[in-house]
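Everything on this sheet refers to the single structure shown next.
The values are calculated or read from the model by the stated rules, or taken from the named source; none is laboratory data. Computed from a predicted structure; not experimentally measured. As a convention, Cβ positions derive from the backbone with ideal geometry for all residues, glycine included, and neighbour counts pool all protein chains shown.
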Ligand code: ADP
Ligand code: MG
């Protein structure tokens, strides 16, 4: 139990203590296993002092109450916020069954895969690509940051290259995620004769209508805007025989279920439907039954959260100043690319302003900003021009930002799924990351 004195900077001692306990944990018992995660009490730590402040709490849960049963207070077992990361050497080495060269895909595509620097497929790619290539419906479940995008993009690009009349629709819950999938598409499509239109809200619809007139083989978008384009008769789904639902469980949460149903109903029944996420809620099982046909189910998850993410809690005593605690953590240079999650849009602006006033380079991203500002904040953070990005759950899903050192849940997530996706912004693609959750 760490007990810091009122005259010390509380949070800084936190940081030290957290690192201390972990380096100890990682020695101790040889092979780390996820079954032996410390219980909540083991990670318990207290802080003293800290003036009360009215400042930067997330405020009301306005804007967030999805799923009625979670509406008032998040009710999550705190022990689920604590986990040691597993040293890469300790993790059993994954031996893929296939190499990219083994897949029967277009040689030009293989060349682009190689030039993107991918040598071996990740587990989800290894297991699901053959099924997608075979034309089957697939439910692919794998931890955050393990390459689900390429697991569907590569075989579908191959399908599109093999037949110019194949058209693929990809739906994602947020505009930024749709944009990111499009970027990855461009990297793989290189100079090949296959094109994508990105159809997301917050951007002018005129350009998207024009892009669709050229009948691109890939359309990547968010459900709301796709539905608009269908209503304007700019998008005809009757000849799209492949659809990908990336992070569809989030689309459900956001109330897009009606739009998704409408959109899928406009597609031919004879089609290939793919579903990818890190989480599978009970509600989404219903959708899978409704939209997919005898899907191949590929799950390469061994535990809820990626093994590469070290997780711990920071207990906030009643009346303590959360902002000061956050700033104390940020005083440690190890926190060099930090994504801070809050519950509300207003809370995001407020916290970002407060941090900026105290000299931190920070931006915020949330649904009340214009799309231009959202994208700009994200780009600045991606390129390392700002050190702290304060975000609502709009940034929790799918975003692949290289080198996020820490995810901090300044406000607790509403559900365990939200938690998994939030912290999944760090510790991606074989790197390690840290997640801290403030517990009131
Ligand atoms: P997920 O959708 O599972 O969260 P992403 O598809 O966003 O993960 O991929 C995470 C990161 O891993 C990306 O930066 C991606 O470029 C990288 N990546 C994916 N597949 C491979 C691979 N086979 N080899 C190397 N890096 C990969
Ligand atoms: Mg993804």
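Output the residue which, of all residues in the range 118-137 that are out of contact with any strand residue (DSSP E or B) (no Cβ under 7 Å at 6 or more places or on another chain) and within 25 Å of residue 422 (Cα to Cα), is farthest from ligand 1 (Cβ to nearest atom). Write out each step before concluding.
First, the residues of the range 118-137 that are out of contact with any strand residue (DSSP E or B) (no Cβ under 7 Å at 6 or more places or on another chain): 118-123, 125-126, 129-130, 133-134.
Among the residues that remain, those that are also within 25 Å of residue 422 (Cα to Cα) are: 121-123, 125.
Values: 121: 5, 122: 5, 123: 10, 125: 6 Å.
If we take residues in the range 118-137 being out of contact with any strand residue (DSSP E or B) (no Cβ under 7 Å at 6 or more places or on another chain) and within 25 Å of residue 422 (Cα to Cα), then 123 is farthest from ligand 1 (Cβ to nearest atom).
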Subject >> Meets criteria (assigned to a helix (DSSP H, G or I), modelled with pLDDT of 95 or more and either over 27 Å from residue 379 (Cβ atoms) or outside the structural domain of residue 288 (by TED's automatic domain parsing) (or both)) for residue 181 >> reply: no
Subject >> Residues being assigned to a loop (DSSP other than H, G, I, E, B), closer than 17 Å to residue 278 by Cα and either without any contact (Cβ under 8 Å) to a residue 24 or more places away in the chain or more than 12 Å from ligand 2 (Cβ to nearest atom) (or both) - total across the range 415-431 >> reply: 4
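For residue 170, are the conditions met, namely being within 16 Å of ligand 2 (Cβ to nearest atom) and either touching a strand residue (DSSP E or B) at 6+ places or on another chain (Cβ under 6 Å) or outside the structural domain of residue 417 (by TED's automatic domain parsing) (or both)? Spell out how you get there, then give the answer.
On the way: within 16 Å of ligand 2 (Cβ to nearest atom): yes; either touching a strand residue (DSSP E or B) at 6+ places or on another chain (Cβ under 6 Å) or outside the structural domain of residue 417 (by TED's automatic domain parsing) (or both): yes.
Yes; evaluated as a whole, the condition is true for this residue.
I'd like the full set of residues that are farther than 20 Å from residue 396 by Cβ, within 25 Å of the chain's Cα centre (by Cα) and assigned to a helix (DSSP H, G or I), limited to the range 226-258.
Filtering the range 226-258 down to residues farther than 20 Å from residue 396 by Cβ leaves 226-243, 258.
Filter again for within 25 Å of the chain's Cα centre (by Cα), leaving 226-227, 242-243, 258.
Selection gives 226, 227, 258.
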Original post:
Out of the range 204-225, which residues are surrounded by 14 or more Cβ atoms within 10 Å (Cβ to Cβ) and in a helix (DSSP H, G or I)?
Top reply: 205, 208, 209, 211, 212, 223, 224, 225
**OP:** Filter the range 162-178 down to the residues that are within 14 Å of ligand 1 (Cβ to nearest atom) and assigned to a helix (DSSP H, G or I), then identify the one that is surrounded by the fewest Cβ atoms within 10 Å (Cβ to Cβ).
**Re:** 176
Original post:
Of the numbered conditions (1) assigned to a loop (DSSP other than H, G, I, E, B); (2) within 16 Å of ligand 1 (Cβ to nearest atom), residue 333 satisfies every one except a single condition; which is it?
Top reply: (2)
**OP:** Kindly indicate the residue of the range 353-412 that is within 16 Å of ligand 2 (Cβ to nearest atom) and in a loop (DSSP other than H, G, I, E, B) and also surrounded by the fewest Cβ atoms within 10 Å (Cβ to Cβ) among those meeting that condition.
**Re:** 402
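Considering only the range 138-161, I want to know if a residue exists there that is more than 11 Å from ligand 1 (Cβ to nearest atom) and part of a loop (DSSP other than H, G, I, E, B).
no
Do you know which of the residues in the range 285-306 that are in contact with a helix residue (DSSP H, G or I) (Cβ under 7 Å, 6 or more places away or on another chain) and not in a helix (DSSP H, G or I) is farthest from residue 431 (Cα to Cα)?
Of all residues in the range 285-306, those in contact with a helix residue (DSSP H, G or I) (Cβ under 7 Å, 6 or more places away or on another chain) come to 287, 291, 295-296, 298, 300, 303-305.
From what's left, not in a helix (DSSP H, G or I): 295-296, 298, 300, 303-305.
On the way: 295: 31, 296: 29, 298: 23, 300: 18, 303: 17, 304: 17, 305: 14 Å.
Ranking the candidates gives 295 first.
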